[in-house]
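Novice: Let me begin by handing over the structure; questions about it come next.
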Amino acid sequence: MTSSATDRDADHAVVIGLGLMGCDIAAIFLAGGWRVTAVEPAGGLTPERRARVRTALAQLEADPDAVAALTAVERLDAVDSASAALVVEAAPERLDLKRAFFAALDRMVPPDVPVASNASGLRITDIARDCVTRSRMANLHFFLPAHLVPGVEVVQGEHTDPSVCDRLAAIMTALGRKPIRVARDVPGFLANRIQHALMREAFAVIDQGLATAEDVDAAVRYAFGFRYIAAGPILQKELAGLETQLAAARTIYPSLCNDATPSPTLARLVAEGRLGAKGGRGFRDWPPEAVARERARCERTLLAAMRLLREADRG
């Protein structure tokens, strides 16, 4: 399909995939007044998916009836992609599947329209490897639940034109998101690299018998992690004094976990089918009512945190 830039709908986004992440991403655009066309091979816009989008819109304090601006098709070739201002792929995390979508988008979408992947670990460089128009392809990494977590990583691939990342960041800002620029396409991008350094140590202290899973969670939520909504780790250390960080690093770093393989406890739990909430048991038992209760509590907390951040950023 082809079109000129003047024929294009400046507020039309195409979202590929209507899983949990895709529904939330669609809600972000709908809340910003965009029209969204979704591609979902597994049944299109089912009542359950429509309900999730409506709930997300309500949580964003937008009109739940904005879901009327969301249409869904089951095939990519049924989309008027030539009218889109942006395409976001949110398909399952499989390199072969994402490459297949990007190969089709490479042909279908006008070459001046940004095409982004919401991959959480796969590099956009690898996803778009064989695409002729890979210079307009980048990673736009949201965090679940996408509509409640303001941060969005904008990752520049090895072949991405930096101006494409500028456009994506501008769109995200206009939609009330906080773009996080990542200058190189490395595994885990930025946030997941930092997060997995924390997770490696979190599982290591459980392996070592230093603390229980409950105490690890409490240490993050109610101690150092509690401060992160107010100031990130670098700002915190600058406010406290970088010399204290240097002294602590010299004392603590030699004893930190530096394993290149996952935690034995984590591997054992997965091998036993103890996958957490989805399997009914992890470190804890997860009856359905506990899953619903904890997810609702987490969403309420994230909503409150999002409001606090907006107020703080307004000064």
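Novice: Looking at (1) more than 20 Å from His196 (Cα to Cα); (2) hydrophobic (A, V, I, L, M, F, W, C); (3) under 23 Å from the mean Cα position of the chain (by Cα); (4) surrounded by 12 or more Cβ atoms within 10 Å (Cβ to Cβ), which is the one condition that is false for Ala292?
Specialist: Going through the list (1) more than 20 Å from His196 (Cα to Cα); (2) hydrophobic (A, V, I, L, M, F, W, C); (3) under 23 Å from the mean Cα position of the chain (by Cα); (4) surrounded by 12 or more Cβ atoms within 10 Å (Cβ to Cβ), Ala292 breaks only (4).
Novice: Among the numbered conditions (1) crowded, with 18+ Cβ neighbours inside 10 Å; (2) under 15 Å from Leu76 (Cβ atoms), tell me where Pro41 comes up short.
Specialist: Just one mismatch for Pro41, condition (1).
Novice: Another question, then. From the list Ala104, Ala119, exactly one residue is at pLDDT 95 or above and not in a loop (DSSP other than H, G, I, E, B). Which is it?
Specialist: Values: Ala119 fails: not in a loop (DSSP other than H, G, I, E, B).
Result of the check over Ala104, Ala119: Ala104.
Each row is one residue, and each column tells you yes or no for (1) more than 29 Å from Trp34 (Cα to Cα); (2) acidic (Asp, Glu).
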{"site": "Pro150", "(1), (2)": "no, no"}
{"site": "Glu158", "(1), (2)": "yes, yes"}
{"site": "Leu168", "(1), (2)": "no, no"}
{"site": "Lys178", "(1), (2)": "no, no"}
{"site": "Ala183", "(1), (2)": "no, no"}
{"site": "Ala202", "(1), (2)": "yes, no"}
{"site": "Gln208", "(1), (2)": "yes, no"}
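Novice: Right, another one. Starting from region 255-270, keep only residues that are within 14 Å of His196 (Cα to Cα), then list their pairs with residues that are acidic (Asp, Glu) whose Cβ atoms are within a distance under 8 Å, requiring at least 6 positions of separation or different chains.
Specialist: From region 255-270, the pairs are Leu256/Glu201; Cys257/Glu201; Ser263/Asp207.
Novice: Here is a follow-up. His147 passes all but one of (1) without any contact (Cβ under 8 Å) to a residue 60 or more places away in the chain; (2) closer than 27 Å to Ala58 by Cβ; (3) surrounded by 23 or more Cβ atoms within 10 Å (Cβ to Cβ); which number fails?
Specialist: Going through the list (1) without any contact (Cβ under 8 Å) to a residue 60 or more places away in the chain; (2) closer than 27 Å to Ala58 by Cβ; (3) surrounded by 23 or more Cβ atoms within 10 Å (Cβ to Cβ), His147 breaks only (1).
Novice: Still on this model: Out of everything in region 79-117 that is without any contact (Cβ under 8 Å) to a residue 12 or more places away in the chain and of a type in the set (A, V, I, L, M), what residue ends up being farthest from Asp161 (Cα to Cα)? Steps first, answer last, please.
Specialist: In the first step, residues of region 79-117 are kept if they are without any contact (Cβ under 8 Å) to a residue 12 or more places away in the chain; the result is 94, 96-97, 100, 107.
Those left that are additionally of a type in the set (A, V, I, L, M): 97, 100.
Values: Leu97: 24, Ala100: 22 Å.
My answer is Leu97.
Novice: So which residues in region 299-310 are more than 14 Å from Ala56 (Cα to Cα) and not polar (S, T, N, Q)? I'd like the intermediate steps shown before the answer.
Specialist: Of region 299-310, the ones more than 14 Å from Ala56 (Cα to Cα) are 301, 304-305, 307-310.
Once the filter is applied, which keeps residues that are more than 14 Å from Ala56 (Cα to Cα) and not polar (S, T, N, Q), region 299-310 yields Ala304, Ala305, Arg307, Leu308, Leu309, Arg310.
Novice: Also, I was wondering about something else. Of the residues Pro41, Pro92, which single one is part of a loop (DSSP other than H, G, I, E, B), of a type outside the set (Lys, Arg), farther than 30 Å from Met306 by Cα and assigned by TED's automatic domain parsing to the domain that holds Gly176?
Specialist: Working: Pro92 fails: farther than 30 Å from Met306 by Cα.
Result of the check over Pro41, Pro92: Pro41.
Novice: Return the residues of region 189-230 that are assigned to a loop (DSSP other than H, G, I, E, B), farther than 17 Å from Pro262 by Cβ and modelled with pLDDT of 95 or more; say none if nothing qualifies.
Specialist: First pass over region 189-230, keeping only residues assigned to a loop (DSSP other than H, G, I, E, B): 189-190, 208-212, 223, 230.
Filter once more, so that each one left must be farther than 17 Å from Pro262 by Cβ: 189-190, 209-212, 223, 230.
Scanning region 189-230 gives Phe189, Leu190, Gly209, Leu210, Ala211, Thr212, Ala223.
Novice: Now for a separate question. Condition check: on the phi > 0 side of the Ramachandran plot and either surrounded by 15 or more Cβ atoms within 10 Å (Cβ to Cβ) or under 27 Å from the mean Cα position of the chain (by Cα) (or both). Does Phe203 satisfy that? Write out each step before concluding.
Specialist: On the way: on the phi > 0 side of the Ramachandran plot: no; either surrounded by 15 or more Cβ atoms within 10 Å (Cβ to Cβ) or under 27 Å from the mean Cα position of the chain (by Cα) (or both): yes.
Taking the combined requirement at face value, the residue does not satisfy it.
Novice: If a residue has to be without any contact (Cβ under 8 Å) to a residue 60 or more places away in the chain, part of a helix (DSSP H, G or I), crowded, with 21+ Cβ neighbours inside 10 Å and among the aliphatic types (A, V, I, L, M) to count, how many in region 150-169 make the cut? If you could, list the steps in order and put the result at the bottom.
Specialist: Step one: of region 150-169, the residues without any contact (Cβ under 8 Å) to a residue 60 or more places away in the chain are 151-167, 169.
Now narrow it down to the ones that are part of a helix (DSSP H, G or I): 162-167, 169.
Still in the list and also crowded, with 21+ Cβ neighbours inside 10 Å: 164-165.
Right, trim to among the aliphatic types (A, V, I, L, M) and you get 164.
Of the residues in region 150-169, 1 are without any contact (Cβ under 8 Å) to a residue 60 or more places away in the chain, part of a helix (DSSP H, G or I), crowded, with 21+ Cβ neighbours inside 10 Å and among the aliphatic types (A, V, I, L, M).
The values are calculated or read from the model by the stated rules, or taken from the named source; none is laboratory data. This one's a predicted model, so the numbers in the text were calculated from it and none came from an experiment. Counting neighbours? That spans all protein chains shown, and the Cβs are built from the backbone with ideal geometry, glycine included.
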